[in-house]
1. Residues being of a type in the set (D, E, K, R) and out of contact with any strand residue (DSSP E or B) (no Cβ under 7 Å at 6 or more places or on another chain): count how many of those fall in segment 28-84.
2. If you check every pair at least six apart or on different chains, which have Cβ atoms under 7 Å apart with a residue in segment 153-167 that is more than 15 Å from E63 (Cβ to Cβ) first and a residue that is of a type in the set (D, E, K, R) and modelled with pLDDT of 95 or more second?
3. Would you confirm whether any residue within segment 160-176 is under 12 Å from the mean Cα position of the chain (by Cα) and on the phi > 0 side of the Ramachandran plot?
4. Restricting the search to segment 20-54, which residues are on the phi > 0 side of the Ramachandran plot and surrounded by 10 or more Cβ atoms within 10 Å (Cβ to Cβ)?
5. Please go through (1) within 20 Å of C112 (Cα to Cα); (2) open to solvent by 50 Å² or more (accessible area, probe 1.4 Å); (3) of a type in the set (A, V, I, L, M) for L182 and return the number of the only condition it doesn't satisfy.
6. Going by the structure shown, is P221 in contact with a helix residue (DSSP H, G or I) (Cβ under 7 Å, 6 or more places away or on another chain) and assigned to a loop (DSSP other than H, G, I, E, B)?
7. Within segment 125-177, track down each residue that is outside any loop (DSSP other than H, G, I, E, B), open to solvent by 40 Å² or more (accessible area, probe 1.4 Å) and touching a Lys or Arg at 6+ places or on another chain (Cβ under 9 Å).
Amino acid sequence: SNGVPATYTAAVCESYVWNGNTYTSSGNYLHTISSGTCIVTDTLHLTILRGDHNAFVQTACGEYSWYGTVYTTSGDYIRRYTNASGCASSDTLHLNIISIPPAPVVSALSYCLNAPSAALAAQGGGPLLWYSEATGGQGSLVAPVPSTAALGSTTYYVSQVLSSCEGPRAALLVRVVNKPELGIDRDIRLCFGGSLDLTRLYTVSGLTWQWLLNGGTVSDPVSVNQPGNYILVVSDGAGCGD
């Protein structure tokens with residue numbers, strides 16, 4: 001000041017130096033100058049602007065997107081920018097990434113028509129969620145019990161949850177198939193000294209089969225001559241028998 005009181009106005013970020021003093025808060029500040037009998041007081045109207053500094057804590061499964069960047073590992077990440085007041089600002093993200101668990105291990109199942117069925121099962125390290133769709137829908141902790149009342153195939157889907165993260169779904173195919181149809185029972189008579197080839201009586205191609213007599217296996221079904229009730233037992237690849 002040149003002997004005349006002066007008024008100053010300033011709006012700055014974080015701090016301001018005036019006449020050798022550093023100010024970090026908004027306010028009105030005075031500076032007095034003495035020269036002989038002359039005393040002059042200057043006034044500073046100061047506004048201190050602040051940067052924005054925020055911290056965020058986030059836990060995510062597999063990855064996390066933050067301001068256009070996708071992060072796949074845990075760590076602390078900083079975003080620096082200038083806020084609306086023109087002051088240097090920063091956001092800090094404390095990120096914890098949890099690995100997504102793999103899909104459970106499943107095996108396809110086949111049931112015979114109208115046979116008893118049991119609740120579905122899968123191998124996983126955490127709680128299982130069952131779905132009727134490949135995507136979407138609401139998962140259930142209760143495993144479904146397939147119906148065997150009609151022929152056909154149904155696909156069920158299951159995922160597992162570990163550390164609050166749900167993994168992809170595995171598809172489990174359940175088939176309901178008919179049992180083999182061998183045909184009618186037969187009543188055959190042999191002449192004394194004759195023999196019968198049992199393997200020619202029924203078509204068993206593609207089936208697992210065996211002939212029984214009195215609860216025991218017939219060792220040579222191609223040539224039998226002992227009277228009695230012979231029983232043919234067959235099963236297919238689905239385990240359905242007749």
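The values are calculated or read from the model by the stated rules, or taken from the named source; none is laboratory data. What you see is a predicted model, and the numbers here were worked out from it, not measured in a lab. Don't worry about glycine lacking a Cβ; one is built from the backbone with ideal geometry, like all the others, and counts go over all protein chains shown. With ligands, DNA and RNA removed, areas are computed over all heavy atoms of the protein, side chains included. Shrake-Rupley method; radii C 1.70, N 1.55, O 1.52, S 1.80 Å.
1. As a first pass, look at segment 28-84 and keep what is of a type in the set (D, E, K, R): 42, 50, 52, 63, 76, 79-80.
Now narrow it down to the ones that are out of contact with any strand residue (DSSP E or B) (no Cβ under 7 Å at 6 or more places or on another chain): 50.
Residues flagged as of a type in the set (D, E, K, R) and out of contact with any strand residue (DSSP E or B) (no Cβ under 7 Å at 6 or more places or on another chain) within segment 28-84 amount to 1.
2. These pairs meet every condition: Y157/E133; Y157/R169; V158/R169; S159/E166; S159/R169.
3. yes
4. Of segment 20-54, the ones on the phi > 0 side of the Ramachandran plot are 20, 27, 36.
Scanning segment 20-54 gives a single hit, G27.
5. Unmet condition: (2).
6. Working: in contact with a helix residue (DSSP H, G or I) (Cβ under 7 Å, 6 or more places away or on another chain): yes; assigned to a loop (DSSP other than H, G, I, E, B): yes.
It is true that P221 is in contact with a helix residue (DSSP H, G or I) (Cβ under 7 Å, 6 or more places away or on another chain) and assigned to a loop (DSSP other than H, G, I, E, B).
7. Those that are outside any loop (DSSP other than H, G, I, E, B), open to solvent by 40 Å² or more (accessible area, probe 1.4 Å) and touching a Lys or Arg at 6+ places or on another chain (Cβ under 9 Å): S153, T154, Y157.
Residue-wise test of (1) under 30 Å from Q123 (Cβ atoms); (2) open to solvent by 40 Å² or more (accessible area, probe 1.4 Å); (3) more than 43 Å from the chain's Cα centre (by Cα).
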site	(1), (2), (3)
T9	no, yes, yes
V12	no, no, yes
F56	no, yes, no
A60	yes, no, no
E63	yes, yes, no
G75	no, no, no
A108	yes, yes, no
